[in-house]
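We did not get these values from a lab; they are worked out from the coordinates using the rules stated. Here the structure is a predicted model, which means the values were calculated and not measured. Reconstructed Cβ throughout: ideal geometry from the backbone, glycine too, with neighbour counts over all protein chains shown.
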Amino acid sequence: MTDLVRVNSVAKEFVLHNQGGARLAVLDHVSFAVKAGECLVLHGPSGAGKSTLLRLLYGNYKCTQGEILVRHHDRFVDIASADPREVLEVRRLTLSYVSQFLRVIPRVSALDIVAAPLIARGVDFSTAQKRAQDMLARLNIPQRLWALAPATFSGGEQQRVNIARSFIAITPVMLLDEPTASLDAQNRDVVISLIDEARRAGSALVGIFHDETVRERAATRWIDIHSFTAAEAA
Amino acid sequence: MSGMDMLRDAAALAPSPVLECDAVTRMYGERIGCRNVGFRLWPGEVLGIVGESGSGKSTLLRCLAGLDAPTSGRVIFQDEDGAVDVHALPEPRRRALMRRALGIVHQNPRDGLRMDVSAGGNVGERLMDRGERHYGRIRDVAVDWLRRVEISPERMDDLPRHFSGGMQQRLQIARVLVSGPRLVFMDEPTGGLDVSVQAKLLDLLRNLVRDLDIAAVIVTHDLAVARLLTDRLMVMKDGHVVEQGLTDQVLDDPQHAYTQLLTSAVLV
């Protein structure tokens, strides 16, 4: 199988200029690859740098050193050095980030929020709406909520809307930041099947899961984050 | 993560930037307005410029929009028939370019609207500037644009001075966008509005920019506005750009001391 992600000698250090220039070395010598059809789980205690690594992969954090190659169409783009315009294009089609938090956009209905990634990929409006309805139903969002903006939804409902939005258009590389945190068993199972479907469709997934059941059912491979933790932080 | 990243066609296929800002410096005597600013903006991209008052962001915007000439440096606009150096154009041609291809949304709607002309007139006038003479068509387009910015066509014949601040701002946006600019400049577009009105306006701007696939430069001191509306961010301090990059990266992992201060002061 092909590598969809290649991480080469990545290091991350935060410099806090307004706290006397304190340096926080978090990750060092991070190197691994993820193939199509894999779900790689990052394992380790909180504070060890799992979320930091995921954010580096998405280009949300800046690498201090190293490269993060993501296969986009038929070439690799280095997320660590690509210009913003290129990163945005990779994110639009290839690389997505699934968190447990929905960024609520004022006045936009749950249905439109979920359909948006399809529309951005050029799917026509009515097909996108239909598939958004299917996703919301699958994640057990009551139909009476579909036309409402999620600002007033419960935390769990917002989280499921976000998962519906994230999995409606599967991307070749998907980063999962505790997507199942605090979900009930039924919805957790839905998320596990969505992850499996993405994997079988050939996506490469990298995830952090607090829940051990999910971890064991979703993972095809594990990496212990400790092997990448910077010496000073360890 | 960024607000608009998934929502719009990035401009990867566009062969050339719509705007190129090359080492732009604007001095006021000895004092620096903005210094040595450079970036490129592609079709469909939204660039935010943030910084506190006096940081040079409005000065830069005025240079980019063709309103003030830079002391040195160039502003290159990709027009339909090739690149033009905006400030090297003779005055009448620059004016014509600004009317035809550029749009400016002012912070104060009074600076962008004609307060003694009806709402419909404010929008229709721009079509007449472009040579449209058919009254019925002008009225239809004006009605359509008022609807798009959520102003009831019943208010078509009212004067903007009888509108609320939020409505005036929406009307100004309609007046700017009706002429189909390829590049829009906005100076604190939600400044001076209530929070709930801001949310409505931001949602409207988000959709319009996406649907029309225009490029935009937005000056704001509000990082939440920048997060929601922009793809890329430039941080200015004392006339200099101290940091620029992807909006979510600059806000979530700021590198420069000043950006760290700015982002730690508010939750974004």
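Relative contact order, whole percent, for chain A stands at 30, derived from Cα pairs under 8 Å and 6 or more residues apart. Lysine pair count for chain A with Cα-Cα distance under 26 Å and sequence separation of 8 or more or different chains is 6.
Dividing the summed -39500 (n - 2.57) terms of all DSSP H runs of n ≥ 4 by the residue count of the protein assembly as shown sets its mean residue ellipticity at 222 nm at -11000 deg cm²/dmol. Here the stretch B:58-89 and the stretch B:137-151 have alpha carbon centers that stand 31 Å from each other. For the stretch A:1-128, the pair-distance distribution built from all alpha carbon pairs, in bins 10 Å wide starting at 0, is 11, 34, 33, 18, 4, 0 percent.
Other protein chain C-beta atoms within 10 Å of residue C-beta, averaged over A:10-23: 2. Calculated on the Cα set of the stretch B:192-239, radius of gyration then Dmax: 11.8, 35 Å. Once the C-beta distance of A:A22 and A:K130 is scaled by a Förster radius of 60 Å, the resulting FRET efficiency is 0.70 to the nearest 0.05.
Sorting the Cα pairs of the stretch B:1-154 by distance into bins of 5 Å, from 0 upward, gives 2, 7, 13, 16, 17, 17, 15, 9, 4, 1, 0 percent per bin.
In the distance distribution for the stretch A:130-169, Cα-Cα pairs more than 12 Å apart total 52 percent. Can you give the FRET efficiency to the nearest 0.05 for B:M128 and A:F76, using r as the Cβ-Cβ distance and R₀ = 51 Å? Efficiency, from the Cβ-Cβ distance: 0.45.
The angle between the Cα long axis of helix A:110-120 and the main principal axis of chain A comes to about 60°, on a 0 to 90 degree scale.
Within the protein assembly as shown, the proportion of Cα pairs with more than 32 Å between them is 46 percent. Counting DSSP beta bridges in the protein assembly as shown, what percent are antiparallel, to the nearest 5? Counting only bridges with both partners in the protein assembly as shown, antiparallel ones make up about 55 percent. Placing a label point 7 Å from the Cα of B:R100 along the Cα-to-Cβ line, the residues of the stretch B:49-83 whose backbone N sits under 11 Å from it are B:79-82. Legend: ranking of residues B:V24, B:V250 from fewest to most surrounding C-beta atoms inside 10 Å; resulting order B:V24, B:V250. Legend: ranking of residues B:E20, B:E132 from fewest to most surrounding C-beta atoms inside 10 Å; resulting order B:E132, B:E20. The mean of 1/r over all distinct Cα pairs in the stretch A:17-63, once inverted, gives the Kirkwood hydrodynamic radius of 12.8 Å. As a proxy for reagent exposure, B:S53, A:S99 were ordered by neighbouring Cβ count within 10 angstrom, fewest first; the result is B:S53, A:S99.
In order along the stretch B:70-81, phi translates into HN-Hα couplings of x, 5, 8, x, 10, 10, 9, 10, 7, 7, 4, 10 Hz, rounded to whole numbers, per the Karplus curve 6.51 cos²θ - 1.76 cosθ + 1.60 with θ = phi - 60° and x for Gly and Pro.
Once the Cα atoms of helix A:155-168 and of chain A are each reduced to a long axis, what angle between those two axes, in degrees from 0 to 90 to the nearest 10, is obtained? So the helix axis and the longest Cα principal axis differ by about 90 degrees.
Largest first, the three principal axis extents of the alpha carbons in chain B are 55, 44, 40 Å in whole numbers.
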